[in-house]
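The block underneath contains the structure these notes are about, expressed in C-alpha cells.
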Amino acid sequence: MIEVSMPTNIALIKYMGKKDSIANIPDNSSLSYTLDDLKTTVNLSVIDAEQDQWDSTEDQARFIKHLDFLRQKFNTKKYFKIKSHNNFPSGCGLASSASSFAALTECFLKIINRDISVEEKSALSRHGSGSSCRSFYGPFALWSGEKVESIALPYKKFIHHVIVVSSDKKLISSSQAHSLVKTSLLYADRKIRAEKRLAELLESFKKQDWQKSYEIVWQEFQDMMALFETSEKPFSYLKLSSYFVLDALRDYWHVHGDGPLVTMDAGPNVHLLFREDQASMANMLSSAFREKFTVI
C-alpha cells in the first residue's frame, strides 16, 4: 500500500483551449502558483483481481482510464484498490483534478517502484489532467507546449485564501470548457493576448510592481470569463455572490491603493494571493468575508 499527497495550483495566466486534446497540449503558455495547502491524497494497494476497485464513484472513469494509460506505459498487469480524498471541496472550480491526477501518477510510480525524473512524471500526469503537470513544480510553474519548469521570481511565497461562494458541482466541466471556448469569436486572438499578458506579468513581478501585477491578473481571468460568455452556447460559472466578492475587492483596491492579486478558475470561487508583508490585510479581509462565506 502506498499513499501520496500532491498540491493543486492556480493559474495567473490561464491555460484555456487545447492544441492536442489527447495529450492535453495547451494553445497558449500559462503561469501558475502552487497551492501547497490544498492537496489530494491518493492511496493505492495492490489487489488480486482483474480490475481496479474504488471506494468512491467521483471521477472514477477518468482515474481508471489514467491508470490504464500508466499500466500500458510501464507494462504492468497490477490492479489496485483506490482511495482518494481532498482537503478542499472538489468539482467546484478549485482545480481538484490537478492535484488528483498528480497524486495518482506519483502514487502509481511509487507502488511499481519506478524512479523517473520530475519532467517525466509531469508529462505522464498531463495525460490525465492538463493542469496537473504544473503541480510537480513550484512555487511558480511556467507551462508552454510540452515543457513545464519552475521559474524564479522575487516573491518566494504568497499567502493564499480562497473565498468559497459555492461548493456545488459544476454543470460544465473544465474539459468541456476547453472545447466550447474555441467557438467564441474572441478565441482567434486569445493566444496573442495570453502570451502578451504573460510577458507583462513576468516583467511586473520582476520589478515588484504589485498594482500592475494585480491589473494583469484581473484582466486575464476576466478574459477567460468573456470566452465562456461569448461561445456559441454561452455559459458562466459566476454566481451573484461571485460578483459581490469581486466588487468588494475592486472597491478595496480603489480605496487603499493596495490589496491582493485576485483570480478565478473555471468556477464561481475567488482566489486571493497576498504578499507576505500583507499578512494583517489577509487576516482582516478573510475575516470580513467569513461573515458570509467559507474561506479556506
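The numbers here are math on the coordinates, done by the rules we state, and not lab data. None of these values were measured; they are calculated from a predicted model. All Cβ positions, glycine included, derive from the backbone under ideal geometry; neighbour counts span all protein chains shown.
Miscellaneous remarks
- Relative contact order, whole percent, for the stretch 159-295 stands at 40, derived from Cα pairs under 8 Å and 6 or more residues apart.
- When only Cα pairs below 8 angstrom with a gap of at least 6 residues are kept, the chain shows a relative contact order of 22 percent.
- The distance separating the Cα centre of the stretch 231-273 from that of the stretch 52-108 comes to 30 Å.
- Taking Cβ atoms as reference points and 13 Å as the exclusive limit, the residues near Asn75 contribute a net charge of +4, counting Lys and Arg as +1 and Asp and Glu as -1.
- Extended-chain gain in nm, criterion 0.36 nm per residue less alpha-carbon gap, Ala248 and Lys157: 30.3 nm
- For the stretch 158-209, the list of trypsin sites (Lys or Arg not before Pro) that fall in a loop by DSSP and count at most 13 other C-beta atoms within 10 angstrom reads Lys169, Lys207.
- Along the chain, counting only GluC sites (Glu not before Pro) with a DSSP assignment other than H, G, I, E or B and at most 11 other Cβ atoms inside a 10 Å radius, the longest segment between sites is 51-231.
- Each other residue within a Cβ distance under 12 Å of Phe274 adds +1 if Lys or Arg and -1 if Asp or Glu, for a net charge of -1.
- Selection of trypsin sites (Lys or Arg not before Pro), the stretch 29-109, meeting DSSP coil and at most 11 other Cβ within 10 Å: Lys77
- Inter-centroid distance (Cα atoms) of the stretch 147-165 relative to the stretch 122-140, Å: 14
- Within-15-Å neighbourhood charge of Asp189 [Cβ basis; K, R +1; D, E -1]: +3
- Dipole check for the chain: with +1 at the C-beta of Lys and Arg, -1 at the C-beta of Asp and Glu, and the Cα centre as origin, the magnitude is about 440 Debye.
- For Phe80, distant residues with modelled amide H under 5 Å away: Ile47, Asp52, Gln53
- The share of C-alpha pairs in the chain whose separation exceeds 33 Å stands at 22 percent.
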